[in-house]
Structures are given as C-alpha cells and as structure tokens.
Amino acid sequence: MNPSFRSCLALLPLAVSSLLAAQSPAVLTIHGDQSLHSVSPTLYGLMTEEINYSYDGGLYAEMVRNRTLRDGGWEQQDWMLVQNAEAGGAMAMDKTTGPSSALPNSLKLTVTEASQGDPAGVRNNGFWGYALRPDTTYSGSLYAKADSAAIGALTVRLVNNTTGKTVASAVIPAIGAAWKRYSVTLRTGAIVPSADNHLELTVAHPGTLWMTLVSIFPPTYDNRPNGNRIDLMEKMAALHPAFLRFPGGNYLEGNHLADWYDWKKTIGPLVDRPTHPSPWGYHSSDGLGLLEFFEWCEDLHMKPVLAVYAGYALEHEHITPGPDLAPYVQDALDEIEYATGGPQTKWGAERVRDGHPAPFAVPYVEIGNEDEFDRSGSYDARFAQFYDAIKAKYPSIQLIATTPVKSRKPAVLDDHYYKSAEEFFADTHHYDKADRNGPKIFVGEYATMEGTPTGDFGAALGDAAWLTGLERNSDLVVMASYAPMLVNVNPGGMQWHPDLIGYDGLTSYGSPSYYALALFAAHLGDMVPDSTLTGAGPRAFYSVTERRSDGLIFLKLVNAAPQEQALHIDIKGVGAQHGTARLIRLHAATTAASNSLDHPRQIVPVTSTVALSGSVLTHVIPGYSIEVLEIPTR
Ligand code: AHR
C-alpha cells in the first residue's frame, strides 16, 4: 500500500455522522521521524493569461486604454473629441499613416477653431478612469506628426471628470511633420487619490495632427520602464510563487488559428508590436509581451513554465501534424532560444537587443493548452512533433503534456480542475493511488467555483481542502496554480469568476482563497512525515509537512463544517515539546463571507500562540476555519 495513502485512510470513515464526529475528539498522530517522501519545492506557483483585464487595465501599468486604436468601437468607448466653447474639430481613424508597419493607423485630429483659452483635441477615458495619487510622477509619451508648425504646442493634461480641473499637465512645444516619439512627465500635487480622471491632448491653434501609441505610466514595480503595477506585484510576491505558467490558458490558443499567440509580435520596441485579438473579447496591447513575462518571473524569483502554441484553436481548428505544423515547431524552438540563447544565437541576440543580455532558465515547456478539447485526436502526433524537436535541441527541458499521450512519455501532465467545494471535499484523495511511474502532475489550473468576482469563504474551504491532498501527494504533484488569478472588478471587466485577486485602478484585494494559498505556500516543509487521523468529522482535512533542517512541523487543518472539531495531536518520534506553537487562522462565520474592494480585509489570517506541553496537544478547530500550526520539535 502506498504509505501516503495509508495516512489518508483515516479520513475515510466519513460516513460517520458529523454530529457524532463533532462530539468525540479526533486523534491526529504524526510520526515526525518517519518520512514518506519529499515535498516538491515548486509546489506553489502562479498561472496567468490575458483574461478579466489581467494585463491591459490590470497588472501592466499602462493607463491609456486602446493606445494604438486597435480595439473595435474605439471612438465611442475609449477616445472622444474635446471641443470647448468656441473650438471646433473632428476626429477620425486614418488608415493611411502610422509610425511603423506594425502600427499603420493613427488618430487624425482636424482642428478648425481653437485658442489658448478654448483648446480643442481628444480625450481618453482610460481603463475605467485614470487612477491618480498625490505627489506622483507619471511618464507620458506618444507618437505624433502635424501638417504644419502652425498648430503649435500639444498640451497633455490629466483632468478630473467631476470638477473639470487639471490635475497634472505638461506641454510638448512643437510637433514636427514626420512621425516622432515625444515624451513628457506629469506630476500631481496634493490631490485625493481617485480614478475619476481622464487624459486630454489638446492644441490651441487650427491644424491637423496625427497620433498613436499614446502612453501614461505611473511608477512601476522596481521602476521598470513599461512595467507592472506595484500593488499587484506585491500581492503576488506574498503568495511565495515558485513558478509562473504563461501565456495561457486559452490566451495561448486564440479562437481561430490566425489568432494564435504569435510571440514574435510581442517583443521589441512597442511601436513594432502590432497587438492582437484575444479570445476573451478584447484586444491585447501586447505591451506585456514575451520578454515582460520573463522579467516578471525574474522580479518575483519564479521559474518560467513557458507554454508554446501547439497548433490548436478554441473553435476546434487544428494544424495537421507534419509539414503544416513544422513552422510552429520552429517558432517554439525560436522562442526557447530567445529566452535561453547567448548573444551568438539569432534569437538570443534579439533578446540582448531588446535590453536583456542575461539569458533566462527555462526548466519547463508546456506544449499547448487543454488539448483534450481537440476532437480531431491530433494532439498525440502534434505533441510528438514538438517533443522530438525540443528534446533534440534542449534535452534537459521537462516537457509538459496537456492531456495524456501515448506517442511519447511527457515528464509532466497538466491537469485542470474547476469544481464546487463539495466536489473538492470529495476528491481530496484524487492522487493518493495515482501511478507513481507515469508523468509527474502539474495542477496547472484549479479553483472552487463559488463567489464572484472573487471566491467566497466556501470557495477558500474547497481550495484549502484540495491543497491538503496535493501537499500529501507532493511526490507526484510537482506544481499547482490557481486560475484565473486576476480580475478587474469594474463593470465589464470580468469574463470568468471566481478569481483570486480583485482590483480597480486604485486598489486591490485578495479573496479568502488568496489568503489560504498564501498561508499554505509560506508554511511548507520539505518532507511529508507519516501520519494518521482517526475520528474526524467528514469535513476535516489536514496536511502535515516538516522542515528537516530544524524539525519545524507545519500542520494545515481545514474544518469545512460549521461546528468545531476537537483534535488531539500526538507527535511521535521526536522529543517532547515545550514552549509554544504558532497558530495562524483564517476564519469566517459563513461560507458566503468574502473580501471585496470595499471590505478588503474582512477575512484575513490571525496569528496567536498555543502552549505546548509534552508530545500531545489538544486543539479545537472552530467551524469554517483554515489553520496552520507551526510546531517546533527541537
Ligand atoms: O482559467 C480560465 C480558462 O479555463 C483557461 O483559459 C483555460 O485553460 C481553462 O479552460
């Protein structure tokens, strides 16, 4: 019998009524000196894709919406004419001129009447406004040209929607006749933080002006140019992620074959990135492109799990394996070379030109996404073609299959689970008896489907219970990531719920699942000791790991029942314990309780201590609680 399975058998008398179980204390015996197996050091990580305005209007700190005028309906939703009292003008899309072959269009502003006191121009409404803070510097830029110097200076203003007052402004003194990039800085004063603002670009004289790639950036994480939102990066860092799976998800695949994630169009100067339609109903700026994914990994010390496009689109279209697929296989090889290659390689040199001389390590490459949906059955052969080519050039890269294949033996299989809390409770033993000789498992997407826009406490209980099963099987399950991670909670921002982290332009919050995950990832040992649990209620779940270097035991306890669960914890094989154990508890009165933008810290972990005396600890887990006990054994 698999020893890790033995440790869970104790949870099986779940048919016992919860009433009975609640009355008699359960007994958890931990054999601190008997290791079942090591814990995967990469168990907890992140999955990301462009969904729910995760990048544009989310992590990617750009504030100008539809900066290159590629979204449909651009003149209604994003860009509007500014015409004050006497000023007159017109705004149109000009498809005949742009600053690059990637951006051949521009916004043409024709001003017939304007003056200093009555300027004319365009405004951009941003992603649900422009979130501005006091005493902050914003970096602005745009590509522009004018028909004549007579149009004069271009004024860039951040304006409050309600008061009409200018919050910050800068002036570009003159616009030339040829396309050129102009940059400005804008500084706010003593304002109240607010997203109730827009951007205006105006002139004070008649004339014609073309512009595109209009950009406003707030300060970014680590001050990276073209970088990420600070609060969201900090929230992710607090999850202690070991890896980042990118760029998708469905975002990798696209709805149709033509919409595939063509990474070569997401690198280099922004003016050379053509942007692309994403399957989640809005256009992607690709400002957060392939290099930025790797830099995100670098900033948060995560291993990249690079998913390469494998010739399948969501509308059940596929590329026939063989010669038709060969260019896509070559693209994947080029992509790996872009990340890992030295300056002597074609694509490594490209990365150096793009500003990142040091290569990135790519330990894992995932071939496709959810290819079980490919009804043609072509994945096996598609996988084999990618596998052979990648292994021939990069033998040490571990290849991940998205569904079982027979043609080759993938190192890892990516399993996805979107379930109710009840289903997760019933499935916490999913991997207990799984084949240990097959591929390792990557739970690349999971979430308890309860709560919106972010999961509620019931979802956190489902997720935490599920994670206890993954930790117990972390000899097999090498990685796990919640999905989707991010959601812009403004109206129209969400395409999928629940999500882990919610935000608007100004602030962000973590769901109860976020805090459960942060707790679990921050308290993970490197081995799973043998253990048994007897007499527990049907909704009691646990996982125990131990840090070999100092003997610290991390005990995770999940009580998904409304009533408390008493527990005798008997630690054997190590010395008697004295002193205190640290107890960190996440608790809510109801499963419907949740966090939100308005109440971001309603459910957060609370730390206390528990006195230890000898090797038996009596502990009561309140109803609806997720706990970590840190028990010193030396
Ligand atoms: O996480 C949302 C979507 O769910 C992902 O894009 C896809 O892989 C899965 O079906």
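Please treat every number below as a calculation from the coordinates, not as lab data. Source: prediction; values computed, not measured. Cβ coordinates were reconstructed from backbone atoms using ideal geometry, including for glycine residues, and neighbour counts include every protein chain displayed.
Could you give the angle, 0 to 90 degrees to the nearest 10, between helix 290-299's Cα long axis and the longest principal axis of the Cα atoms of the chain? The helix 290-299 is inclined about 50 degrees to the chain. Volume of the convex hull of the range 74-217 (Cα atoms only), normalised per residue: 104 Å³. Arranged from fewest to most other beta-carbon atoms within 10 Å of their beta carbon, Thr97, Thr633 become Thr97, Thr633. By the compact-protein rule of thumb, 2.2 N^0.38 Å, the alpha-carbon radius of gyration of the chain corresponds to a ratio of 1.07. Kirkwood's formula applied to the C-alpha pairs of the range 440-576 gives a hydrodynamic radius of 16.4 angstrom.
For the listed peptides 565-574, 207-216, 489-498, 452-461, a ranking on the average number of other beta carbons within 10 Å per residue, highest first, reads 452-461, 207-216, 565-574, 489-498. Scalar couplings 3J(HN,Hα) for the range 313-322, obtained by applying the Karplus form with A = 6.51, B = -1.76, C = 1.60 to θ = phi - 60°, are 10, 4, 7, 6, 9, 9, 8, 5, x, x Hz; x denotes Gly and Pro. Here the range 325-465 yields Rg over Rh of 1.07, to two decimals, using C-alpha coordinates and the Kirkwood radius. Note on the range 212-369: Rg/Rh from Cα positions, Kirkwood definition for Rh, rounded to two decimals, is 0.96. Residue pairs exceeding 22 angstrom between C-alpha atoms, taken from Lys180/Lys264; Lys108/Lys264; Lys391/Lys440: Lys180/Lys264; Lys108/Lys264.
Peptides 586-593, 241-248, 169-176, 292-299 ordered by packing proxy, namely the average of other Cβ atoms within 10 Å per residue, highest first: 241-248, 292-299, 586-593, 169-176. Each principal axis of the Cα cloud of the range 219-276 was evaluated for its coordinate range; sorted largest first, these ranges are 37, 26, 15 Å.
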